[in-house]
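> This is the structure I have questions about; it appears just below.
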Amino acid sequence: MDEKHTDAQGQIDLHRSRIDEIDCQLVKLLNDRAVESLAIRSLKPQVHLGLYDPKREEEIFANLAACNKGPLYGDNLREIYAAILHVMKELRG
């Protein structure tokens, strides 16, 4: 193997290691989010709110768009969060 190949492989390995760390952080944050979602779900009946709130979902998407500095596009985040919100709705607490 030449030196360039070895260096590139080393850089790939470093990036992959960092991605693994970020993925673990994301899992923790998703679980934290799930705890908050379940807490809200348990409180909604007390204030006569339904479980699904399309207005709130649009607020979430707007907040994401405002926070986004790229390189993900707004549509990418909306797709990711649509999946997250779907899973959150399906959670059993």
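Each value in this text was obtained by applying a stated rule to the coordinates, not by laboratory testing. Everything quoted here is computed from the prediction, not taken from an experiment. Positions of Cβ are generated from backbone atoms using ideal geometry, with glycine treated the same way; all protein chains shown enter the neighbour counts.
> Take the Cα atoms of the chain, build their convex hull, and give its volume per residue in Å³.
Details: hull volume 11.6 nm³, N = 93.
It comes to 124 Å³ per residue, whole-number rounded.
> Would you kindly derive the ³J(HN,Hα) couplings of segment 28-41 from the backbone phi angles with the Karplus curve 6.51 cos²θ - 1.76 cosθ + 1.60 (θ = phi - 60°), listing them in order in whole Hz, with x for Gly and Pro?
Result, ordered by residue: 4, 5, 5, 5, 4, 4, 4, 4, 5, 4, 5, 5, 4, 4 Hz.
> On a 0 to 90 degree scale, rounded to 10, what angle separates helix 74-90 from the longest Cα axis of the chain?
So the helix axis and the longest Cα principal axis differ by about 50 degrees.
> For segment 3-90, what number of Lys pairs, 8 or more residues apart or on separate chains, have alpha-carbon atoms under 19 Å from each other?
Final tally of qualifying lysine pairs is 4.
> May I ask you to sort K44, K4 by Cβ crowding, counting other Cβ atoms within 10 Å and putting the fewest first? Let's see the in-between values first.
Values: K44 13, K4 8.
The fewest-first ordering by Cβ neighbours comes to K4, K44.
> What is the angle, in °, between the Cα long axis of helix 54-67 and the longest principal axis of the Cα atoms in the chain? Nearest 10 is fine, range 0 to 90.
30
> Still on this structure, I have one more. Whole-Hz Karplus ³J(HN,Hα) for segment 2-12, in order, using 6.51 cos²θ - 1.76 cosθ + 1.60 and θ = phi - 60°, x for Gly and Pro?
Calculated HN-Hα couplings, in order: 7, 5, 4, 5, 5, 5, 4, 5, x, 5, 4 Hz.
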